[in-house]
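**Student:** Structure below; questions to follow.
Derivation of every value follows stated rules applied to the coordinates shown; laboratory data play no part. For clarity, every value in this text was computed on a predicted model and none was experimentally measured. Methodologically, a virtual Cβ is constructed for each residue, glycine included, from the backbone with ideal geometry; neighbour enumeration extends over all protein chains shown.
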Amino acid sequence: MKKYLAECIGTATLVILGCGTAMLVGCDAANGGGYILTALAFGLTIVAMAYSIGNISGCHINPAVSLGVLLTGGMSAKEFVGYVVSQCVGALAGSGILALIFGLGNVKDMTGGFGANGLAGVNGNAAAGLIVEIVLTFIFVMAILGVTSKKANHGSFGGLVIGLTLVVVHILGIGLTGTSVNPARSFGPALAAAFSGNAAPLADLWVFIVGPFIGAALAACTYKALEK
């Protein structure tokens, strides 16, 4: 249960700091600074969580990462289900906290939907969005599997490597899909947006669930083949 609680807390923190930053600074093409701030917020949150809950749960805080670990033999199917449920609960909790902060403080949400992902950057093309999410998740999960491998020799720098990888993935992906690479991170804000009256993010939510899972599965298979 400690692992599941850690995953819940970690995912909530990722949504609060990552999506919260996006809501505050905006991520439109005319505001490049917002891109960088949001990318850094997501990446640095991963760094912080890696060094705080990594020794408890491995700091997946992402169902796609958990799938990659499952497929490479790092966890059981039962643990995988527990991790995914905990991560989704954490994402919902984080989105709820953002709703309270922005609602009570009467702060304008610059994203218009709790930092939820969308396909505006690819002109609504689901196929293009799917490719973006598959490729970016593949890169991210490959980095995680490599840096956490028993053969790796990165010492205490693993969390930093993973966090910086998420930063660079966001720098490209924000302008295209908002960058998910994490089904839980997409699920929580989309549901919160729907409850607030904006159901648009739910229409394309499947892209940000299917894409990361495919990317993670491909990364796991590729890594296993290369590691032999």
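**Student:** Please express the Cα-Cα pair-distance distribution P(r) of the range 81-189 as a list of whole percents, one per 10 Å bin, running from 0 to the bin with the greatest distance.
**Tutor:** 13, 34, 37, 14, 2, 0
**Student:** Shape verdict for the range 83-146, please, from the Cα gyration tensor: rounded (a/c under 1.5), prolate (a/b greater than b/c) or oblate.
**Tutor:** On the way: a/c = 2.83, a/b = 1.38, b/c = 2.05.
It is oblate, given that a/c is not under 1.5 and a/b is not larger than b/c.
**Student:** Could you please report the charge total around residue 10, scoring K, R as +1 and D, E as -1 over all other residues with beta-carbon less than 15 angstrom from its beta-carbon?
**Tutor:** After counting each charged neighbour, the total is +2.
**Student:** Further question on the same structure: Can you list the equivalent-ellipsoid semi-axes of the range 2-227, largest first and in whole Å, using the square root of 5 times each Cα gyration tensor eigenvalue?
**Tutor:** Values: eigenvalues 138, 69, 54 Å².
Each semi-axis is √(5λ); the values are 26, 19, 16 Å.
**Student:** Hey, another quick one. Separation of the range 72-89 and the range 94-150 by C-alpha centroid, Å?
**Tutor:** Measuring centre to centre over Cα atoms gives 20 Å.
**Student:** Can you tell me the orientation of helix 32-57 relative to the chain, as the angle in degrees between its alpha-carbon axis and the longest Cα principal axis, to the nearest 10?
**Tutor:** Here the helix axis deviates by roughly 40 degrees.
**Student:** Something else now. Arrange the peptides 201-211, 3-13 so that the one whose residues have, on average, the most other Cβ atoms within 10 Å appears first. It would help to have the intermediate numbers written out before the result.
**Tutor:** Details: 201-211: 20.5, 3-13: 23.0.
Order by mean packing, descending: 3-13, 201-211.
**Student:** Starting from the Cα-Cα distance between residue 200 and residue 226, subtract it from 0.36 nm times their residue separation and give me the gain in nm to one decimal.
**Tutor:** On the way: separation 26, 0.36 × 26 = 9.36 nm, distance 4.03 nm.
Contour length minus Cα-Cα distance gives 5.3 nm.
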